[in-house]
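Engineer: Got a structure here, written out as structure tokens. Questions coming.
The values are calculated or read from the model by the stated rules, or taken from the named source; none is laboratory data. What you are looking at is a predicted structure, and each value in this text was computed from that prediction instead of being measured. Because the Cβ atoms are built from the backbone with ideal geometry, glycine has one as well, and the counts that use them run over all protein chains shown. Protein only, heavy atoms only, side chains kept; ligands, DNA and RNA dropped before computing areas. Shrake-Rupley method; radii C 1.70, N 1.55, O 1.52, S 1.80 Å.
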Amino acid sequence: MAVCARLCGVGPSRGCRRRQQRRGPAETAAADSEPDTDPEEERIEAGAGALCGVGGGGSAGPSPPPRCSLLELPPELLVEIFASLPGTDLPNLAQVCTKFRRILHTDTIWRRRCREVLHRYRHILGLWQPDIGPYGGLLNVVVDGLFIIGWMYLPPHDPHVDDPMRFKPLFRIHLMERKSATVECMYGHRGPHNGHIQIVKKDEFSTKCNQTDHHRMSGGRQEEFRTWLREEWGRTLEDIFHEHMQELILMKFIYTSQYDNCLTYRRIYLPPSHPDDLIQPGLFKGTYGSHGLEIVMLSFHGRWARATKITGDPNIPAGQQTVEIDLMHRIQLPDVENLRNFNELSRVVLEVREQVRQEQQQQQQKDGPEDGEGCGRQSPREPQRSPAQPSAGPPTQKGSEPGDGGAAAAEEQTAQCGQGQPFVLPMGVSSRNEDYPRTCRMCFYGTGLIAGHGFTSPERTPGVFILFDDNRFGFIWLELKSFSLYSRVQATFRNADAPSPQAFEEMLKNIQALTS
């Protein structure tokens, strides 16, 4: 094998390309003029000549076959060759030349190693939600060079909803020799240490740290809390004057730190998209008052759009549908001066709610009592009606009434012209982020989920969904007199697409059932 490697131009002979790269032009030219053979090669060639009948008669033997280089092979063949090598040899091979390095940095060869070398870990690639009580989380497991790494994604510091996501590694699997791997826990501040991963089933796995002492800090729990607070909130406890927020922060630290990175993860998918969707579905960061920023998943289901919590809090835990939007009922906001009056906005929204209630009663009478449950909701498999169409149901009085077709059409035409509709929060409505857009495209009637501590007495209350642009939307919670601003997560997640719409729907039901 050593001789073959030298004949292919990658071994330790005088023609080695790595050695040539270290020489100057003069040294390289001198080396090229020397015979590129060694005693081992001469012995093999002499033996081959004897077998061919070359004697002492002086007749010349057949000329040796022309040499070829691995560089002349097509990339797909090099992938096949490199995939058969031990994992520890690949970093050295990547230093031979630019072509080898480029091939070895593609996902193709590492995906194959995950299937063949580390077949028992291939199912953990993708997007996951950790089981951390009501708080949840977002984990993306990817192949990164010689490692499989689990990256935990965190929202930006409150209330900067437009800032990029933060991320940190929780574990990594070191790709080593065939059928061998080392699992390392990355939690804490003392570097990688011994860990363990158990695949419970296809869409569930768990991690365990075998050296939790690496998570401790010399200053004890107080230093650990101060460090966690700087990482989680970007501030100190003295900077947070709201007493209720201080209690929530302390509660989250105590609850989450007890896990010591010994967690169970369940697979989640990104929502599928459809050309008729109001905007591109996906993950968004949203403001939730004293709870800070949380991650939600916006998806479309026929006439409904739903925002499901990926991270949560003690009131509304992860997995619950925080906001539901009725795309059949557009809302025409009052002019800016009247919009500042909260009572005027409340009147408009409550009129739409009454209209929705009447339509549901009519539908229930038409379907019969046995089909009454869940009336007014469209099945995800039903064809979706374009949200640009005016509201369904009985016609309302002209002009400013909510759901009016003419008003909705005028608003839509304004939005299509790029002008947008002026928007301002009514007086008395609180917002964690005052830097919200001052124009919006359109608004819809919706409901928001509220509950007491521990998800007690949950109920859906009316509100307004405001679409600002392709990457931002908002929701006004009428009962709470609160405004939440959402901004799209711009990070790219690998291996996160749902295999089918049915699989995505089943995933939503599963994560909601865990916290119901």
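Rundown of residues vs (1) open to solvent by less than 50 Å² (accessible area, probe 1.4 Å); (2) within 24 Å of VAL464 (Cβ to Cβ); (3) at pLDDT 90 or above, yes/no style:
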| position | (1), (2), (3) |
| --- | --- |
| MET328 | yes, yes, yes |
| ASN338 | no, yes, no |
| ASN341 | no, yes, yes |
| LEU345 | yes, yes, yes |
| LEU350 | no, yes, yes |
| VAL356 | yes, yes, yes |
| GLN360 | no, yes, no |
| ASP367 | no, no, no |
| GLN378 | yes, yes, no |
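Engineer: Yes or no: region 272-286 includes at least one residue that is farther than 20 Å from GLU459 by Cα, open to solvent by 40 Å² or more (accessible area, probe 1.4 Å), in contact with a Pro (Cβ under 6 Å, 6 or more places away or on another chain) and hydroxyl-bearing (Ser, Thr, Tyr).
Structural biologist: Yes, the conditions are met somewhere in region 272-286.
Engineer: Tally the residues that are at positive phi and either touching a residue at least 40 places away in the same chain (Cβ under 8 Å) or not in a loop (DSSP other than H, G, I, E, B) (or both), restricting the search to region 189-220.
Structural biologist: Initially, region 189-220 is screened for residues at positive phi, giving 191, 220.
Restricting the remaining residues to those that are either touching a residue at least 40 places away in the same chain (Cβ under 8 Å) or not in a loop (DSSP other than H, G, I, E, B) (or both) gives 220.
Qualifying residue count, region 189-220: 1.
Engineer: Taking the options ASP371, ASP435, name whichever one is exposed (fewer than 13 other Cβ atoms within 10 Å of the Cβ), at pLDDT 85 or above and among the charged types (D, E, K, R). Quick ask: steps written out before the conclusion?
Structural biologist: Details: ASP371 fails: at pLDDT 85 or above.
After applying the criteria, what remains is ASP435.
Engineer: With (1) assigned to a helix (DSSP H, G or I); (2) buried (at least 16 other Cβ atoms within 10 Å of the Cβ) as the list, and GLU223 as the residue in question, which single condition is left unmet?
Structural biologist: It fails just one condition, (2).
Engineer: Hey, could you check region 291-312 for residues that are out of contact with any strand residue (DSSP E or B) (no Cβ under 7 Å at 6 or more places or on another chain) and in contact (Cβ under 8 Å) with a residue 60 or more places away in the chain and say which is surrounded by the most Cβ atoms within 10 Å (Cβ to Cβ)? Please lay out each step first, then the result.
Structural biologist: Residues of region 291-312 that are out of contact with any strand residue (DSSP E or B) (no Cβ under 7 Å at 6 or more places or on another chain), as a first pass: 291-292, 300-302.
Subset that is in contact (Cβ under 8 Å) with a residue 60 or more places away in the chain: 292, 300-302.
Details: GLY292: 21, PHE300: 23, HIS301: 21, GLY302: 18.
Checking each candidate, the answer is PHE300.
Engineer: State which residue pairs qualify: first residue without any contact (Cβ under 8 Å) to a residue 12 or more places away in the chain and inside region 459-471, second residue open to solvent by 10 Å² or more (accessible area, probe 1.4 Å) and of a type outside the set (S, T, N, Q) in any location, beta carbons under 7 Å apart, and separation of 6 or more residues or different chains.
Structural biologist: The qualifying pairs are GLU459/ILE450.
Engineer: For the list (1) in a helix (DSSP H, G or I); (2) open to solvent by 80 Å² or more (accessible area, probe 1.4 Å); (3) closer than 11 Å to LEU270 by Cα, I need the number of the one condition that PRO499 fails.
Structural biologist: Exception for PRO499: condition (1).
Engineer: For region 251-270, state whether one or more residues are more than 19 Å from ILE132 (Cα to Cα) and outside any loop (DSSP other than H, G, I, E, B). Show your work before the answer.
Structural biologist: The first filter runs over region 251-270 and keeps only residues more than 19 Å from ILE132 (Cα to Cα), leaving 270.
So of that shortlist, the ones also outside any loop (DSSP other than H, G, I, E, B) come out as 270.
Within region 251-270, one or more residues are more than 19 Å from ILE132 (Cα to Cα) and outside any loop (DSSP other than H, G, I, E, B).
Engineer: Looking at this structure, is VAL183 part of a loop (DSSP other than H, G, I, E, B), open to solvent by less than 60 Å² (accessible area, probe 1.4 Å) and at pLDDT 90 or above?
Structural biologist: Values: part of a loop (DSSP other than H, G, I, E, B): no; open to solvent by less than 60 Å² (accessible area, probe 1.4 Å): yes; at pLDDT 90 or above: yes.
Considered against the rule, which asks whether it is part of a loop (DSSP other than H, G, I, E, B), open to solvent by less than 60 Å² (accessible area, probe 1.4 Å) and at pLDDT 90 or above, VAL183 comes out as no.
Residues checked against (1) small (Gly, Ala, Ser); (2) modelled with pLDDT of 75 or more; (3) in a strand (DSSP E or B):
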position	(1), (2), (3)
LEU90	no, yes, no
LEU93	no, yes, no
ARG111	no, no, no
VAL143	no, yes, yes
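Engineer: Does region 468-478 include one or more residues that are under 18 Å from the mean Cα position of the chain (by Cα) and surrounded by 15 or more Cβ atoms within 10 Å (Cβ to Cβ)?
Structural biologist: Taking every residue of region 468-478 in turn, at least one turns out to be under 18 Å from the mean Cα position of the chain (by Cα) and surrounded by 15 or more Cβ atoms within 10 Å (Cβ to Cβ).
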